Amino acid sequence: MSDHETGGIPSDEDLSLPKATVTKMISELLPNEVTCAKETRDLIIECCVEFIHLISSEANEICEQESKKTIAPEHIISALKRLGFESFTDEVESVLKDHKQQQKDRERKVNKMEQCGLSEAELLAQQEALFAKSREKFLTTQQ
Amino acid sequence: MKNKNKATKFPVARIKRIMQKDEEVGKVAQATPVVISKALELFLAMIVKEASNVTVERGSKRVEAYHLKHAIETVDMLDFLKEIVEAVPDPSAGGTIDIEAEAAERKKRGKGKDKKGSSDANGGEKPAPKRRRRKAADKEKEEDEKEEEQEMEVEEGREEEEDEAENGGRSRPDDDDDDWEG
């Protein structure tokens, strides 16, 4: 998982969500005149972490019931439904669809590179040629 | 509605680690924390909305802890969060404090820096406790009395941190030693 984490990695016990990120999200959600107390923000972070545990635990059970070893996104969606968060499932399913599509596109890109039969050097040369061509075109249209 | 900055997202790797803190949780598919991140966004939006509704209802401009608590107690879906806000005092009712919950909470959080708010509210609950404030020298005796002082444990712990500030303010006559004999 490539994920740039600023501010160091918390030890196991202090595992929580980044304060700055949550603070920003909260202020984006609140109406203009309303602010959030620090204490409240910290409590909200705890609630979020608890939510993760709740969903994960339920999803884990569902996963086991299906005799699977890896918790899949579909298990999360079922867990949300079971715990009364059906209102979330539409958007969540949409995110899942996008993610799968992105994965497919990534794979397609890699395959395209492998299948075109040209080596990296040859591809680079082709790219340079295209650049030169467009540069020329640009210069002539300038005059 | 405010324009939400689409770039602000929860850290996916962090979510995975939080999930795996639970020993029951084994392998997690790569897409799973991504999906949880979305669910979390929606959850955050919901909880902030509910809390801010209470804030506005009460004519306040700042979302306080007890607004959040009220929202959690009102919405069924948020039942699982009741323990987290149990220790938050509700000013209108005079505030009942569940000492055990508070003690458990503090252990979980470690040293809480922004606790001053709630501790001050609690301070008004009981009359200034007659307690000896001894430092290292009498630590042993203090520990023996830990059981009797179980009730006060929470306040004492917290006050040790705020020692410098509070000590001057409160009158704590050492003559009260007699009360604690035996």
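Taken together, the values in this text are just the output of simple stated rules run on the coordinates, not laboratory data. On a predicted model such as this, the values are computed, not experimentally measured, just so you know. With ideal geometry, Cβ positions are generated from the backbone for all residues, glycine too; neighbour counts draw on all protein chains shown.
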By Cβ neighbour count within 10 Å, fewest first, B:HIS70, A:HIS53 rank A:HIS53, B:HIS70
Peptide-level mean, for A:86-98, of C-beta atoms on other protein chains within 10 Å | 3
For segment A:40-143, what does the alpha-carbon gyration tensor say about shape, rounded, prolate or oblate, given a ≥ b ≥ c as the root eigenvalues, a/c under 1.5 as rounded, and a/b over b/c as prolate?
-> prolate
Positive dipole terminus of segment A:1-84, leading residue within A:SER16, A:ILE44, A:HIS75 (C-beta point charges) = A:HIS75
Mean Cα-pair separation over length for segment A:1-84, i.e. relative contact order, pairs under 8 Å, 6 or more apart, % = 21 percent
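How many partner chain Cβ atoms sit within 10 Å of a residue's Cβ in peptide B:44-56, on average, as a whole number?
On the way: counts 10, 5, 4, 7, 11, 2, 0, 8, 6, 0, 0, 7, 3.
Per residue, the number of nearby Cβ atoms from other chains is 5 on average.
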Which ordering of B:ASP90, A:ASP14, B:ASP22, B:ASP76 is given by a fewest-first count of other beta-carbon atoms within 10 Å?
-> B:ASP76, A:ASP14, B:ASP22, B:ASP90
Too long for a 28 Å Cα-Cα cut-off, among A:LYS24/B:LYS82; A:LYS109/B:LYS38; A:LYS19/B:LYS69; A:LYS24/A:LYS69; A:LYS68/B:LYS82, are A:LYS24/A:LYS69; A:LYS68/B:LYS82
For A:ILE71, other-chain or 5+-apart residues with amide H closer than 5 Å (H placed, Pro excluded) are B:LYS27, B:VAL28, B:ALA29
Taking N as the number of residues in segment A:1-84, what is its Cα Rg relative to 2.2 N^0.38 Å?
-> 1.36
Would you order A:CYS116, A:CYS36, A:CYS47, A:CYS63 from fewest to most other beta-carbon atoms within 10 Å of each residue's own beta-carbon?
-> A:CYS116, A:CYS47, A:CYS36, A:CYS63
